[in-house]
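> My questions will all concern the structure given below.
The values are calculated or read from the model by the stated rules, or taken from the named source; none is laboratory data. Keep in mind the model is a prediction, meaning the values are calculated, not measured. As a convention, Cβ positions derive from the backbone with ideal geometry for all residues, glycine included, and neighbour counts pool all protein chains shown. Just so you know, the surface numbers come from the protein's heavy atoms only, side chains and all, with ligands and any DNA or RNA stripped out. Shrake-Rupley method; radii C 1.70, N 1.55, O 1.52, S 1.80 Å.
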Amino acid sequence: MSGIDREIVCIVCPTGCRIRVSGADRQQLTVRGNECKRGEEYALKEISDPRRTLITTVRIDHAPLRRLPVRTNREIPKQSIFPCMEVINRVRVEAPVEIGQVIIPNVLGTGADVVATRSMGRGARPGGPAQGGPP
Amino acid sequence: MNRFDIVVIGGGPAGMAAAVAAREAGAEDILLIERDRELGGILQQCIHNGFGLHRFKEDLTGPEFAERYIRRVEELDIPRKLDTTVLEITEDREVLYINAEEGVRTVSAGAIILAMGCRERSRGAINIPGSRPAGVFTAGTAQRLINIEGYMVGRRIMMLGTGDIGLIMARRLTLEGAKVIAVLARKPYPGGLTRNVVQCLYDYDIPLLLRHTIVEILGKDRVRGVLVAETDENSRPISGSEELYECDTVILSVGLIPENELSLSAGVKLDSHTGGPIVDESRQTSVAGIYACGNVVHVHDLVDYVVEESEIAGKGAAGFVLGSVAVGTEKMRPEDRKGAPVHLLPGEGLKYVVPQRVRGIDGEDSLDLYLRVNRVYGKSSLEVKLGGEIIKRVKRLRMSPGEMERLRLNKGVMEKINGSDLIVEAAEVNG
């Protein structure tokens, strides 16, 4: 197995330290360039288990807008982002929706639910269906 | 003519926070005017997270942040007009608006709070040569089309500019299946927040080309490519360095301009450094009784500071209205009760400082200055000078034009303020 040598820009605070993480394997990593302890934690987490909150939209029917914004209610592994997008893009929800409502429970077994990030009532789109637009 | 104590123009985060703060400070009779079909402003299309870290100690999305304030406005039952556009305001605080139900109407206001936000600079504002094909969008327009209307704007994208919305849209477009060929920054540093550069570009391996710009847009009906050139130390394109990139879409994230047409109609004086009204510490503009807050005053990078500033304006407007009621028919303006305002000026290294004026400080414990530096600083300090003497100095590890700085002057410092102007400067610190 090849060694690890990566530069990570820390986003814990606006200082933006460039942190170098290197070592022969994951058990023996050296962290350099961080100005505080939080930077070291962040950099090691980025190497061992990088996670992100996934935020996107789903289709919504019988609502004044065509898309409902959603998010995962916890961070998911970075490599699950695109597979999760495929699942989310197949979903269609029906208005009304309340903020926090679960749209997809435990998406792709990540342990995170996809939830609505706003409330949206039932109603016609302004201008009506004659206006056309995407399905 | 109907009369309201306070008319708030704009139902985004600034307008909502100002209206809520004004009500909480005792102003009963408030009208909130919003041109969209719902409250929330641009937050409704900013579906990404990163909002509310300071205000709520939570990592909220734009719509989640907006909904908290919408609920507060509803709880307080603050009257609002949606789908209503303000056409003009006057120096004596009349507000001319239009909507489909009432037509054109005028109301008079004890105080007005300007909270119209900002708008994007477009292709015309930066004069990119070339043909005029379809497929050139500002980042905010692309954001609205994708996140609210459900339209995809293109497949192969070239992005010019590194404002936060642009960075966020580079990620969003990638998630939705587009290929972002590169993000170009004319300057040697990106304009947006570091965390957005990292989480939006690095995460998705989107190339960031510093010191590059678009010198020509190609294509007849639809964009088919762009000519990209390197830029010199003055950010000017270097002749002979042009390279052709094929793409079907150009997205511009080249800055925001405070939206002040209404302010000008009332004779409100603007600051050439911010593009927004000159305000005092209560966010009162140069016209008595007209207050301003949020991105109409200066472009903020965090909504948390927008609502903070808007609460100051809401409280200020409430004080103006309630104070003038107490004095009777002869309106007594807060500045009449205090000394002449002291000017706050951006000195060496600063792009701007807000507020630009400080009047009396009676009862105020501290004053927060919002400011931006004009270049990237390493270890450095911010200094407030009064007649050559430094009355406040704070250290910073790093400062960048992309990140607004906040500097608090406490009561001890405030008490030193006399009639002289205050100058705020940035300086590199060695060692």
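> Using Cα centres only, tell me the gap between the stretch B:89-152 and the stretch B:23-69 in whole Å.
First find each Cα centre; the distance between them is then 18 Å.
> Given axes a ≥ b ≥ c from the Cα gyration tensor, I'd like to know whether chain B is rounded (a/c under 1.5), prolate (a/b larger than b/c) or oblate. Provide the component values of the computation, followed by the final result.
Details: a/c = 2.05, a/b = 1.35, b/c = 1.52.
Verdict is oblate for chain B.
> So what does B:Glu91 come to for accessible area, using a 1.4 Å probe and Å² rounded to 10?
The accessible area comes out at roughly 130 Å².
> Work out, step by step, the length gained on full extension between A:Val87 and A:Glu35: first 0.36 nm times the residue separation, then minus their alpha carbon distance; give nm to one decimal. Intermediate results must be reported in sequence, preceding the final value.
Details: separation 52, 0.36 × 52 = 18.72 nm, distance 4.00 nm.
Full extension of this stretch gives 14.7 nm more.
> From the square roots a ≥ b ≥ c of the eigenvalues of the alpha-carbon gyration tensor of the stretch B:50-174, which class results: rounded (a/c under 1.5), prolate (a/b over b/c), or oblate?
oblate
> Treat each spin label as a single point 7 Å out from the Cα along the C-beta direction, and report the B:Asp232 to B:Leu96 distance in nm.
4.9
> Mind giving me the FRET efficiency for B:Asp221 and B:Tyr189? R0 is 30 Å, r the Cβ-Cβ distance, nearest 0.05 is fine.
The pair B:Asp221/B:Tyr189 has a calculated efficiency of 0.25.
> Continuing with the same structure: For the protein assembly as shown, what is the percent of antiparallel DSSP beta bridges, rounded to the nearest 5?
65
> If you find the alpha carbon centre of the stretch B:405-431 and of the stretch B:257-281, how far apart are they in angstrom?
24
> Tell me, what is the FRET efficiency for A:Ser48 and B:Val376 to the nearest 0.05, using R0 = 30 angstrom and their Cβ-Cβ distance as r? If you can, show how the numbers build up before the last one.
Working: r = 31 Å, r/R0 = 1.05.
The pair A:Ser48/B:Val376 has a calculated efficiency of 0.45.
> Given the Cα-Cα distance of B:Tyr245 and B:Arg406 and 0.36 nm per residue of separation, how much length would full extension add, in nm?
Between B:Tyr245 and B:Arg406, full extension yields 53.9 nm more.
> Using +1 at the C-beta of Lys and Arg and -1 at the C-beta of Asp and Glu, which of A:Pro96, A:Val12, A:Pro83 has the Cα lying farthest in the positive direction of the dipole of the stretch A:1-129?
It is A:Pro96, whose Cα lies furthest towards the positive end.
> Can I ask one more? Shielding by partners for B:33-40, please: the mean number of other protein chain Cβ atoms within 10 Å of each residue's Cβ.
Counting Cβ atoms of other protein chains within 10 Å of each residue's Cβ and averaging gives 1.
> Another question about this same structure. From the cross-link list B:Lys385/B:Lys411; B:Lys187/B:Lys385; B:Lys351/B:Lys385; B:Lys351/B:Lys416, which pairs have alpha carbons spaced over 19 Å apart?
B:Lys187/B:Lys385; B:Lys351/B:Lys416
> To the nearest whole number, what is the average tally of beta carbon atoms from other chains within 10 Å of the beta carbons of peptide A:62-71?
5
> Sort B:94-101, B:32-39 by packing, meaning the average of other beta carbons within 10 Å per residue, with the highest value first. List each step's numbers first, then the result.
Values: B:94-101: 15.4, B:32-39: 20.0.
Peptide ranking by packing, descending: B:32-39, B:94-101.
> Next question. What FRET efficiency would be calculated for the residue pair A:Arg26, B:Leu397, taking the C-beta separation as r and a Förster radius of 51 Å, to the nearest 0.05?
Values: r = 30 Å, r/R0 = 0.59.
The computed FRET efficiency comes out at 0.95.
> A follow-up question, please. Take peptide A:49-57, look around each residue's Cβ out to 10 angstrom, count Cβ atoms belonging to other protein chains, and average those counts. List each step's numbers first, then the result.
Numbers: counts 0, 1, 0, 4, 6, 2, 11, 7, 8.
If you average over the peptide's residues, the count of other-chain Cβ atoms is 4.
> If you stretched the chain out fully between B:Ser366 and B:His54, how much longer would it get, using 0.36 nm times the residue separation minus the C-alpha to C-alpha distance?
That works out to 110.5 nm of additional length.
> Between B:Thr106 and B:Ile126, what is the label-to-label distance in nm when each label sits 7 Å out along the Cα-to-Cβ direction?
So the two model labels end up 4.2 nm from each other.
> Based on DSSP, what percent of beta bridges with both residues in the stretch A:42-135 are antiparallel, to the nearest 5?
Expressed as a percentage, antiparallel bridges in the stretch A:42-135 total about 80.
> How do A:97-105, B:174-182 rank on mean C-beta neighbours within 10 Å, highest first?
In decreasing order of mean packing, A:97-105, B:174-182 become B:174-182, A:97-105.
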